[in-house]
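Scroll down for the structure; my scribbles are underneath it.
No value in this document is a laboratory result; all are computed from the given coordinates. This is a predicted model, so every value here is computed, not measured. No Cβ is skipped: glycine too gets one built from the backbone with ideal geometry, and neighbour counts run over all protein chains shown.
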Amino acid sequence: MLKISACVIVRNEEKNLPRWLACMTTLADEMVVVDTGSTDNTVELARQAGAKICSFPWINDFAAAKNYAIEQAQGKWLFFLDADEYIKVQDYAAVRAAIRQYDREKKVIGLVNPLINIDPHNDNAYISTIYQIRLFRKLPDLRYVGAIHEMLRYTGGDKKNMPLVDTYAIYHTGYAPQVMPEKYKRNLQMLTLSQKKYGKRLIDDFYLADCYYGLQQYEQAVSHAQAYLEATERIAGEESRPYGVLLQSMIFLDYPLGEILDWVDKALAEFPYGAEFKILAGYAREAAGDIDGALQCFSEADSLYAKAKARGGPLHADEAGGALPAMHLRRQKLLQQQQNIQKKEMGEGKQMPYISACVIVRNEEKNLPRWLTCMSALAEEMVVVDTGSTDNTVEIARQAGAKIYSFPWINDFAAAKNYALEQARGKWIFFLDADEYWKEHDFAIIRKTLRQYDKVKKVIGFVCRLVNIDVDNNNRVLNENLHIRIFRNLPQLRYIGAIHEQLVYNGLGQREMKLLPEAVIYHTGYSASTDIPKAKRNLQIMLEQQQAGRGQDSDICYITDCYYSLQDYARAIEAAREAIARKVVLPGRETRMYCTLLQSLHITGHKWQELVPIVEQAEHEFPHVPDFRALLGFAAWQDGAKEQARQFFQESKALYQEFLAHRQDLTATFADEMQGFLPKMDACLTEDNFTQDKASSKIKLSAAVIVKNGEADIGTWISCVQDLAEEIVVVDTGSTDRTVEIAANAGIRVVHFDWIDDFAAAKNFAIEQVHGEWVLLMDADEYIPQEYYEGFKNALNRYDEDESVIGLCSEWINVDKVRNNAYISKGYQVRLFRNLPELRYVHMIHELLCYSGKDKKLMPYVQDFKIYHTGYSTGRMPEKYSRNLRLLLLSEQKYGRRAEDNMYLAECYYGMHDYEKAIEHAKAYLDGDGRTIGGENRPYSIWIKSLIQLEKSLAEILLVVKRALQEFPYSAEFKVLEGVARQRAQDYAGTEVCYREALQIYAAGQAGNELQKELLTDEASATFVGVYLELCKLLLWQEKNAEAWEYLQKALVENKYNPMCVQLLGKFMAADEDVIWIEVLNKLYDREKDAAFIMENLPVGQRDKVRLYYMEKLPQQRLVDKFMLAGRLEAASAALAEDTAALLQLGIRGFTHDAGTMDKLGVLFPQKYQAVALGKSRTAEERRLAAKTARIQKWLTNYDGQAE
């Protein structure tokens, strides 16, 4: 028997696994790698290293996977390190010595070792130390338990030991900050699943607290941490960690200092050497303003940590070691701040002022008197920092009683302002510029606000309304912004940025800046006379900062403004486009770049029509903002399109009301440009509204729709009904996107309806808005294809005179908009009906059109037209299922359950993956008396698919299939599903029979029009591409190539873009030359448009010449790719010198020499290369890059003889 086996479970671990393999190759006699579904190069790396590879289906259970690995191992002792754990080479001897020592002691069944968490992205910086069991004997009574955070448990009867061995340590890279957010989400999900599966463990509260803390959900972190700490069970090696999670969460949530310190005392009582608790107590005291107490706690933390290190002892996690460096920096800053405060308070011994008003000035003799008049009425102290005035500024300030300070101007506004703050002694700071002021009637509001919030420590400042006015043009309002001008005098509040400086809080805990909407600051600095000089100065400063390497991303926005002010419109356009492309957003000026771009383009000769796409892009990014449409109106007016301009102005004013309605939330920080635009509009407009009254005397067909946030679909709907209906009405139920705007732009009447969770009520309201004799009421995600327009009109005219017909039923085709309108299924719906008072919808959800008249009426099925529905497209359904389930349950509560509701509930639960409930409701529907007209076969499909998902027995599934076919013998989808079930049960002969029978059943049904007769849903035909391909594979296995080829041809006709089509095609052409491949593929596909699809599905590592041929068709290609595919390695090497991909290849080769090479090089890679290096290839381009990397490894192996 082997002495030592090393085990690991992996999934996409190609980055970490080489290091693990290098370690275990030396320490173990056998390596067992259990793969749970890798899609990267993990398995190949393990195979090349000589590991024993086993596959295990991932079932969200770490213990199950690890126990499976144990069963495969042959060793007497087992190493079970995770893929992101390793032992340093210098510790190998200590490992072997420990095994030799304890192998003879039969009571010792495992060893506890220090596990040191390090950050590989920060030069392997220390994070913390815990204690874990990673080396143990292979015993039948020693297995893991727990789906997540699994623990090794011994179930034998005799007592065994697991002593601490600290002569070596295990290093763990999995807690690096970059990878933790995704881990927290995964762990939280798995903890929930584990509790459903095994029940809740007491220790789960600790793990839940850790997850919620990592996800910044601090309230839940506190709740679970307290629940864990109030229990008796503890996790060996990590007992102290929950206290840290609790305390940090309480600090972030601004718990009272006393309550935090009580928990600190509890923590120290249980763990007297827990230095991290003293660190956190220091942070809590600092957040509460107790600087002396914070400094004392930091000193005590140092002392405790030193004692703990000297003492050794119990297996407690070391959380303090990683936190001490940051604590030392914080202590240094606090000491410096304390010294500055002491300097301020020394000297004259005067009473500390309540408010200090600060300003930095240079030659402000014109503006400063107004500032001084304002501030002398509000503040007890005025601090004026002069940066080099040569006029009368300093003398004016002195005469007003201000404190004067000089500061050498160094082209840095933040530095000057922070210097002013250091001189101020007040509790609150007013920091208005010299050209800003409040009017006297706002003084009382300001004083009242400060009194109201003075003791609310969480509030540290106020965001003030700042209105820009042009003093050179009768104080004309230009626009309105929001800026912080009032804030507490805190050392953690300082300005950053050489120009356009921003106030930043760098303290602990959550703090707030309240909006102060009542008081308005007036700013004259953008007046015509001052704008150009300021622009020149600001542009010079920013360009100098950029040249010196001290610039910021946000500079591009201010540079744009400067160019516009200096009338350099070409550069303004260029800079604005760059800012928009880079998505640089400034708080308070978020929309400015689009406005500047629109104005500059029109000034440089672009017509208003050319601006429309930019306006649409801007409005998509910033809904509710009216500025862009107003600017479009000004452009149209100046271009002579006054009628169009009036409409744009109207729409802008309507949007402005939405803008103001959202002023407390969505648009809170946006500049209000409309204050300047509205007077300009009024000067242009000669009438307030521009509407067109439709003559309603004789309208044959009206089209209506109810919609909410349907901007993705409403355009198609409008295009359709505009060609069919004489009157169009859009009923909006609360859109927050561009739906209303799109409809209004198309000249369509928009009516608003308050959503009351009732589809029937909304649709009936829509019917009441129209005047036509017939109503076409499709959903926004429905439309009639143009080829059916003539048929639609013919059907309407044919039945118009037949008063017994009140509606027409037509085919309702579900297509996937995301997948090139791929067919999903077919049903039948009534969307065209007469406008009769007796014809209205009923039911809150899954509403039905019902006729309440006494005489008999008809709604016949017609074949003249079809309605296409995109609402079941990829990605849309999860949200719909949740909404529909809520409304169904609400309807049941309100009106009682309808028999047919069980069908709809089954649909929802199946879509939400609650398969047990889906089966329950599908059976209830099918066993009940109430059946809907049309689609009765659907619940059977849900029932069968749920059984398959739950991995029920084939016998149970076959009973339901048999019942389904007895009731609906022409519903071929049941035979398809039976085939799927048999295939999963590895009954391949039965699978083939089922798929063939499904095709026969469907053909018979189509021949007799059986589905249409009963208005049954056609769910089978959408599956036939998969059926053809599976039959092709089954027949290939049987070497029935001719028949297999026939089925592949059918699949190609149905959907040639199914990836398996290309893959199976390759099997038929395996022996053919590359030229034949290209010839065949070019007949089937578009060589230009489909090149990327073809390349992605070519055989991996093969057919490089074919790949090279299609690479030439791609819009972007690189020389190095061509050389590599052509096998010209020397030329490829030369090209790689200018290709960052070289870093990736070199890093992979570096594994041979240094396990840390890839980590060091990884930070240099562009994003797509990092994705490949981390085994996270998602896009087609990244997967192609991964395949290319594998080929390079193979070539390099042949070249230098080293293992891949």
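Put +1 on the Cβ of each Lys and Arg and -1 on the Cβ of each Asp and Glu in the chain; which of L111, L329, G461 then has its Cα farthest toward the positive end of the dipole? The listed residue farthest towards the positive side: L111. Across the alpha-carbon set of the range 553-691, the Rg to Rh ratio works out to 0.96, Rh being the Kirkwood radius. Taking only the C-alpha atoms of the range 191-284, Rg followed by Dmax gives 13.1, 42 Å.
Counting only lysines at least 8 places from K106 when in the same chain, those with an alpha carbon closer than 26 Å to its own are K3, K66, K76, K138, K159, K160. For K183, the aspartates and glutamates whose Cα falls under 12 Å of its own Cα, not counting residues fewer than eight places away in the same chain, are D210.
What the Kirkwood sum gives for the chain is a hydrodynamic radius of 36.8 Å, with every pair of different alpha carbons counted. P(r) tail, the range 154-193: Cα-Cα pairs separated by more than 11 Å, 76% of all pairs. Of all lysines in the structure, those lying under 24 Å Cα to Cα from K403, and not within fewer than 8 positions of it along the same chain, are K343, K344, K350, K366, K417, K427, K439.
In the chain, a dipole from Cβ-located charges (positive for Lys and Arg, negative for Asp and Glu) runs towards its positive end, and of N1055, N367, N411 it is N411 whose Cα lies farthest in that direction. When the convex hull of its Cα atoms is viewed from all sides, the range 1-180 shows a mean projected area of 10.2 nm².
Pairs with C-alpha atoms separated by more than 30 Å, drawn from the list K700/K857; K763/K945; K826/K1113, are K763/K945; K826/K1113. Averaged over residues, the count of other Cβ atoms within 10 Å places the peptides 556-565, 1063-1072, 778-787, 753-762 in the sequence 556-565, 778-787, 753-762, 1063-1072, highest first. The alpha carbons of the range 482-632 occupy a box of 52, 37, 31 Å along the principal axes, longest dimension given first.
Legend: P(r) of the range 354-527 from all alpha carbon pair distances, 5 Å bins from 0, whole percents, reading 1, 8, 17, 22, 22, 17, 9, 3, 1, 0.
When each of C54, C211 is scored by the number of other beta-carbon atoms lying within 10 Å, the sequence from fewest to most is C54, C211.
Sorting the segments 616-629, 269-282 by their residues' average number of neighbouring beta-carbon atoms within 10 angstrom, most packed first, yields 269-282, 616-629. Each peptide in 291-300, 877-886, 706-715 was scored by the mean count of other Cβ atoms within 10 Å over its residues; highest first, the order is 706-715, 291-300, 877-886. Which listed residue (P679, M24, S565) has the Cα farthest towards the positive end of the charge dipole for the chain, taking +1 on Lys and Arg C-beta and -1 on Asp and Glu C-beta about the Cα centre? Farthest towards the positive pole: M24. Where the centroid of each part is defined by its Cα atoms, how far is the range 955-1004 from the range 1048-1101 in Å? With the range 955-1004 and the range 1048-1101 each reduced to a Cα centre, they are spaced 30 Å. Pairwise inverse Cα distances across the range 871-917, averaged and inverted, put the Kirkwood hydrodynamic radius at 11.1 Å. Tally the DSSP beta bridges in the chain and give the antiparallel ones as a percent, rounded to 5. Antiparallel: roughly 50 percent of the beta bridges in the chain.
For the chain, adding -39500 (n - 2.57) for each run of n ≥ 4 DSSP H residues and dividing by the number of residues yields -15000 deg cm²/dmol at 222 nm.
Given +1 at the Cβ of Lys and Arg, -1 at the Cβ of Asp and Glu and no other charges, the dipole of the chain around its Cα centre is 3140 debye to the nearest 20.
This model, with +1 at the C-beta of Lys and Arg and -1 at the C-beta of Asp and Glu, gives the range 354-527 a dipole about its Cα centre of some 920 debye.
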